[in-house]
Amino acid sequence: MNNKKVILIILSFLIAGLISGCTTTAGGASSWPGITTEAETGYFAYGAEIYAIDAKNGSLIWRYPSEPNAKTQFYAAPAISEDQVFAGSYNNTLVALDKSNGFQKWSFNNAKDRYIASPLVVGDKVYAPNTDKYFYALNTGGDLLWSFKTAGPNWTKPVSDGQFVYLASMDHFLYAFNLEYPTAALAVDKNGSRTLVEKPLWSVDLGAAVVADPVLSNDKVLVATIDGKLHSVDTVSGKIAWTFTDGKQYNSIWGTPVVTAEVVYLGNENGDLFAVSPETGKALWLEPYAAGAALIAGGIATDNGVLFVNKQGKVFSIDAAKEPKPVVSLDMVMYATPKVADGKILLAPATKEKLFMAIDLAGNEIWSFVPSK
């Protein structure tokens, strides 16, 4: 059995363990919420609905759809444009909603499998990876512009530097694409339309599947893999500049790395938090910080340092000097990456008592939200 098959087997067990451990609400949820924030609004995707919530007080602005269908499940964090909210579902559909009221404007139904990854909006384009192995590029009116077929499912949100768009796939590769292609440069796809990109600008084999969203750092794409490595890939050449590993196999990385001016913070499912130089990939701490439980969620940069929440609900911040500051310990399972809106930390414990909540940087609860029936 080759290494790729071994890693896929291990990955399947990790996924099963994480999903079975999720705290669920009524409706039989099978994943954890996605959160996106903008100014004073939080957009939450969870179960059969998408919620827009006022971050100031936790009041509901709108919810979609008006009549939830248990067969349509949303978990990927929505993407936001100037006037629309884009969200992919587990029933293979990408929808665009009016940002002011949540009314559906259009839906894209070409995909053959679930949207686990969040879409990315760049200008008037939407880039949506799907587990059917296709990467779809649409305009904000819902028209398919181009697509590319990878060798495996796509679980991660793309990232763009404004010139190119980069996709990390479960097939172990990181790909680079133009933001747009002239029709003459495209091939005929399986449906007979000239929308298929035959080759990426470049691709690089990372040696393992990717479930953590990549992030940009200057002219590099930082990509963490399921075998516990962090790769820095040059955006121009597609060459790996450096690779960080803790030397322990299969301590998988699920959360997006947090990049500051001098440090890349990286947590794994063993609960180890590392500080890495973005220039060299060398560890900046002699030993990782022990978070006390798995770090499935990514972190966020705040005025008090970089904030993380572990699987058991321990919220803490930490700085480059490895000085942790406890914020609050919540008796709740946490998988979703926290976000900041209106100066508050938005969390999604997804319990029956608190589906979503906001705390301040001192750990005080400001509000919690449970939808009405």
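The values are calculated or read from the model by the stated rules, or taken from the named source; none is laboratory data. Just so it is clear, the structure is predicted and the values come from calculations on it, not from any experiment. When we count neighbours, we look across all protein chains shown, and the Cβ atoms used for this are built from the backbone with ideal geometry, even at glycine.
Restricted to segment 280-322, and to residues there that are more than 24 Å from Lys229 (Cβ to Cβ), polar (S, T, N, Q) and assigned to a loop (DSSP other than H, G, I, E, B), the residue that is modelled with the highest pLDDT is Gln312.
Of all residues in segment 178-197, exactly one satisfies the criterion of being acidic (Asp, Glu) and crowded, with 16+ Cβ neighbours inside 10 Å, namely Asp189.
Close Cβ contacts (under 8 Å, 6 or more residues apart or on different chains) running from residues in segment 134-163 that are at positive phi to residues that are crowded, with 23+ Cβ neighbours inside 10 Å comprise Gly142/Ala96. Screening segment 287-329 for residues that are out of contact with any Pro (no Cβ under 9 Å at 6 or more places or on another chain) and β-branched (Val, Ile, Thr) and picking the one that is nearest to Pro33 (Cα to Cα) gives Ile296. Within segment 65-84, being under 16 Å from the mean Cα position of the chain (by Cα) and either aliphatic (A, V, I, L, M) or surrounded by fewer than 17 Cβ atoms within 10 Å (Cβ to Cβ) (or both) holds for Ala76, Ala77, Ala79, Ile80.
Go through the residues of segment 264-272 one by one and say whether even a single one is among the aromatic types (Phe, Trp, Tyr), touching a strand residue (DSSP E or B) at 6+ places or on another chain (Cβ under 9 Å), surrounded by fewer than 16 Cβ atoms within 10 Å (Cβ to Cβ) and over 30 Å from Lys352 (Cα atoms). Looking through segment 264-272, none of the residues is among the aromatic types (Phe, Trp, Tyr), touching a strand residue (DSSP E or B) at 6+ places or on another chain (Cβ under 9 Å), surrounded by fewer than 16 Cβ atoms within 10 Å (Cβ to Cβ) and over 30 Å from Lys352 (Cα atoms). So for segment 144-166 (the condition being crowded, with 20+ Cβ neighbours inside 10 Å, charged (D, E, K, R), under 29 Å from Trp62 (Cα atoms) and within 19 Å of the chain's Cα centre (by Cα)), does at least one residue qualify? Yes, segment 144-166 has at least one match. The strands (runs of 3 or more DSSP E) found entirely in segment 150-219 that carry 3 or more residues being within 18 Å of Tyr134 (Cα to Cα) are 164-168, 173-178, 194-196, 202-205.
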